[in-house]
Every structure is written in structure tokens, then in C-alpha cells.
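What follows is a single structure, written as C-alpha cells, with notes after it.
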Amino acid sequence: MRIRLIAALLLLGGCASPEMAASPEPEIHSSWESCGDVAKTDEGTLPHLDDSFRPVAVVICRETDRERPGGGTERVVVEARGDDVSALLPALRLPDEPDTDPGTPCTADGQIALWFALLDAEGRWMRPGIPVDRCHKFRTEFTTAYQNLATRTVSTTVVGQFTSDEAAASGCDQDRAYSPPCSGRAATG
């Protein structure tokens, strides 16, 4: 009885090494709609791409600011699609590199969070994990393949306004507590 209890506690207590931990199963969704329909939340650890899902395309969702024709600025979600994933897939199937030299420092620069999904021939989609190097940064092979993807913009959706055309034309920064005094305002005395 005592041995069973100790064994159960070891299993429940997470005494397994990271190498022994199971990789999360990929979550495969039935059909792609659009970047606007997908909640861009931190989903935790995503599984590395394996042979159980066969992608034929990639969809990239990103938010950016753009200038409006009248001079204001707005936030938009851009959805781009790439149909040639032949260089990306091998890079996504790479394992994470182990930290073989923990005494060597890593740089403190950050990386931009990427949100992309892979689509198969049936229109199903999944989000794969990105292989990392010993410093937990994207592996160079992935970064190169991702940067060289040929994509086309599918849609651009306005999700917010930063500065109205009127505020931009007057020289005033709209609703920003840190903005300098507005040159377009009349002086008060």
C-alpha cells in the first residue's frame, strides 16, 4: 500500500523530467473563417507540428497602425495568406534546442509575438508551436522561413481609431495624457 501511495504521489507531483513530459495534442479546428473571428489570446504551449496534420497554406494575422487618408491614425487587423509552405514546414518540425551551456548568457532582447495558423486541404486549421533555441528564442531556421514567406493580403479590418482626422489636422494629439500642449488651441489666461 505504501509503495503504491509513493508511486501515485510521484506521478501526480510532476517528478518527470521535461524530456519525459508529453507534448500537447494539436487542436484542429473544423474550418477557417477570418482573423477577426479568432480570439487572439495566449493559448499557452502550442504543440510542435508533426505528421498528423498536413498543411497546404498559412494564414498570418497581425495588428498594425496605419495613417488614414485625412491624416488620422487607426488600428487595423491584417489577414495575409501564403500558399507555398514548403520551406516553413520543415522549420516548424524542428525540435527545441536544449540548453547545453547554461553558463553562457542569452541576450535580453524580446521577440514580437506571431499569430499564424496552418490550413490543410480540407480547410481545417491549427496553430503550431515555434521551435526555440537554447535561449528560448525562435530558431533561426524558422525565422528565415517565416520572413521569406510569399503572402498576399486577404483582408484589412479597422478595429480602432487612435487619432481622428480632425485632431491630426489641428495639430492636437487626441486623448493622450502625455501629449505636449496643442499648438492649435487658443491660449487661455
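The values are calculated or read from the model by the stated rules, or taken from the named source; none is laboratory data. No experiment lies behind these values; they were computed from the predicted model shown. Heads up, the Cβs are rebuilt from the backbone with ideal geometry, glycines too, and the neighbour counts pull from every protein chain shown. These area figures cover heavy atoms from the full protein model, side chains too; ligands, DNA and RNA do not enter into them. Shrake-Rupley method; radii C 1.70, N 1.55, O 1.52, S 1.80 Å.
A compact table of results
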item: FRET efficiency, Ser31 to Asp83 (Cβ-Cβ, R0 22 Å, nearest 0.05); result: 0.80
item: Packing-based ranking, highest mean first, of 72-83, 27-38 given that Cβ atoms within 10 Å are counted; result: 72-83, 27-38
item: Segment 53-166 - charge dipole about Cα centre, Lys and Arg +1 at Cβ, Asp and Glu -1, debye rounded to 20; result: 300
item: Distant-in-sequence amide H partners of Ala57 (H built 1.01 Å from N, under 5 Å); result: Leu119
item: Interchain or long-range residues, amide H under 5 Å from Arg68's placed H; result: Thr73, Glu74
item: Carbon/sulfur fraction of accessible area - segment 60-152, other protein chains in place, 1.4 Å, %; result: 51
item: Centroid-to-centroid separation of segment 90-118 and segment 133-165 [C-alpha atoms, Å]; result: 16
item: Local electrostatic count at Asp133 - Lys and Arg +1, Asp and Glu -1, tallied over other residues with Cβ under 12 Å; result: -2
item: Whole-number accessible area per residue in Å² for segment 99-176, which is evaluated in the context of all protein chains at 1.4 Å; result: 60
